[in-house]
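S.K.: Here it is, the structure in full.
The values are calculated or read from the model by the stated rules, or taken from the named source; none is laboratory data. Please read all numbers here as calculations on a predicted model, not as lab measurements. Ideal geometry is used to build each Cβ from the backbone, glycine not excepted, and the neighbour counts take in all protein chains shown. Ligands, DNA and RNA are stripped out before the accessible areas are found, and what is left, the full protein with its side chains, is counted by its heavy atoms. Shrake-Rupley method; radii C 1.70, N 1.55, O 1.52, S 1.80 Å.
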Amino acid sequence: MAKELKLMKGNQAIAEAAIRCGCDGYFGYPITPQSEVLEHLMAERPYLTTGMVVLQAESELASINMVYAGAAAGKRVMTSSSSPGFSLMQEGLSYIAGAELPALCVNVVRGGPGLGTIQPSQSDYFQTTKGGGHGDYRLITLAPASVQEMYDFVELGFDLAFKYRNPVAILSDGVIGQVMEKVMVDDYKPRWTNEYIEEHCPWAATGHRSTGKKRIVTSLELEALKQEAINDRIQAKYRKCEEEDARYEAIQCDDAEYLFVAYGSAARICMKTIELARAEGIKVGLVRPITLWPFPTKGVAEIGGRVKKIMSVEMNAGQMIEDVKLAVGCKVPVEHFGRYGGVIPTPVEILDALKKMVK
C-alpha cells in the first residue's frame, strides 16, 4: 500500500485520517482549538471523491445525535469538539453506549472550567475516562502524543469501536492539535458497502428485509431485570477490553529509580525532563498511557513497583493521579505536578519538582 509523507497540524491529521480510512460521515461544530478538523474536511471535499458526508451541524447537541443515527445504521461516523462542546455531547454519548453502537469522538481539550480559555489543558480526564454522562458506561479513550498518533488513532479508534460496539474518544489537547509535524499517511481505503455492513453488523438498522426481523436500536428498557441483563453484557465487554486493549509505552524504565506517569503533550515534555534529570544523575523513567481507559493498571503497577517514588505529571489540578495511586495500591509514594488553566509546564519546572520529590 502506497504511503505519503505530509506536513500538517494534529487537527488536520485527524481529518485526513478520517478521509483515508473509509469514514462514512463527520458531523461537527467549530470551536477553538479544534476547528481545523472541520475546516480541513470542508476544504478537501471528500464527498466528491470517497463519498464521505461532511456536515457542520447547528450545535454540538445536533452533531452527536447525527453520529448516533449514523452509527445505528452501521456506518463509520465521527465528530470532534473541544471541552465546552464535548460537555454538551455527554447525554448523546450515554445513549450511544446504552444502545451499544460504535462511534468515534475527538476532544481537543482547552482550559476550564466553564468557557475557560482557548489554551491547551488536560482537565477533561475525569469527564472522559469516568463517564461524563449518566449510567454505568465507559468511553474507550486513546491519548495521542504526536501528530502521527492523531492520524493513526482514527483508524484504531474505529477498530476498537466496532470490536466492542462502544463509543471511542481520542483525548488530545491544543498542543497536539495545533503543532505541525511530519505524518506518514496511508493510501485511501474504500468505505464499507451496504452488503458488508449487512453481513458484519447484524445489529444495524439498514432497512434490509431479507432477515424478516425488525432491528430496533434503542437504549430504553423499562423492565429492571432486562435492563440489568443489558448492563451485565456491557460490563462484560468492558472487562474484556481491560484485558485485551490496555496500552502504554515505557521509556527508560529499566534502570529507573523514579518514575513519571504522563500522557499526551505532558508526556512529551517529560521526555525532555528525563534527559535533563539523567544528565544530573537522577535515574527517572516514564510510563505513557496510550489508553486512558482502560487504564494500563498492570503496566503501571509492575514498573511502579520497582521505583522509589512516582510523579503523575498532568496539565490539570490532579486527575489521572487517582488511577496511578489505585494501580500501585499505595505501595509506592505518588505525587502530582501540574499546571492548569491553559498553562503549559516547562521541562525545567518538572525537573525542579522532581528534585524536591527526590529529597
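S.K.: Of the residues Glu36, Glu100, Glu91, which single one is among the charged types (D, E, K, R), part of a helix (DSSP H, G or I), under 23 Å from Ala205 (Cα atoms) and out of contact with any Pro (no Cβ under 8 Å at 6 or more places or on another chain)?
M.R.: Of the residues listed, the single one that is among the charged types (D, E, K, R), part of a helix (DSSP H, G or I), under 23 Å from Ala205 (Cα atoms) and out of contact with any Pro (no Cβ under 8 Å at 6 or more places or on another chain) is Glu91.
S.K.: Among Arg191, Arg138, Arg165, which is the only one that is in contact (Cβ under 8 Å) with a residue 24 or more places away in the chain and at positive phi? Show your work before the answer.
M.R.: Numbers: Arg191 fails: at positive phi; Arg138 fails: at positive phi.
Within the list Arg191, Arg138, Arg165, the selection yields Arg165.
S.K.: I need a count of the residues in segment 43-69 that are within 29 Å of Leu115 (Cβ to Cβ), touching a Gly at 6+ places or on another chain (Cβ under 9 Å) and not acidic (Asp, Glu).
M.R.: So the answer is 12.
S.K.: In segment 103-119, what residues are open to solvent by 10 Å² or more (accessible area, probe 1.4 Å) and either acidic (Asp, Glu) or not in a strand (DSSP E or B) (or both)?
M.R.: Residues of segment 103-119 that are open to solvent by 10 Å² or more (accessible area, probe 1.4 Å), as a first pass: 110, 112-119.
If the condition is that a residue be open to solvent by 10 Å² or more (accessible area, probe 1.4 Å) and either acidic (Asp, Glu) or not in a strand (DSSP E or B) (or both), then Gly112, Pro113, Gly114, Leu115, Gly116, Thr117, Ile118, Gln119 are the ones that fit.
S.K.: Counting only residues that are more than 18 Å from Ala71 (Cα to Cα) and open to solvent by less than 10 Å² (accessible area, probe 1.4 Å), how many does segment 9-32 have?
M.R.: 7
S.K.: Follow-up question, since we're still on this one. Out of (1) out of contact with any helix residue (DSSP H, G or I) (no Cβ under 6 Å at 6 or more places or on another chain); (2) within 18 Å of Thr291 (Cβ to Cβ), the odd one out for Gly111 is which?
M.R.: The number of the failed condition is (2).
S.K.: Here's something else I'd like to know. Give me the pairs: first residue in segment 1-28 and in a strand (DSSP E or B), second residue of a type in the set (Lys, Arg) and modelled with pLDDT of 95 or more, beta-carbon distance under 8 Å, and six or more apart or on different chains, which are they?
M.R.: Leu5/Lys182; Lys6/Lys182; Leu7/Lys182; Gly25/Lys75; Gly25/Arg76
S.K.: Among the numbered criteria (1) assigned to a helix (DSSP H, G or I); (2) more than 22 Å from Glu155 (Cβ to Cβ); (3) open to solvent by 10 Å² or more (accessible area, probe 1.4 Å), which one does Gly85 miss?
M.R.: (3)
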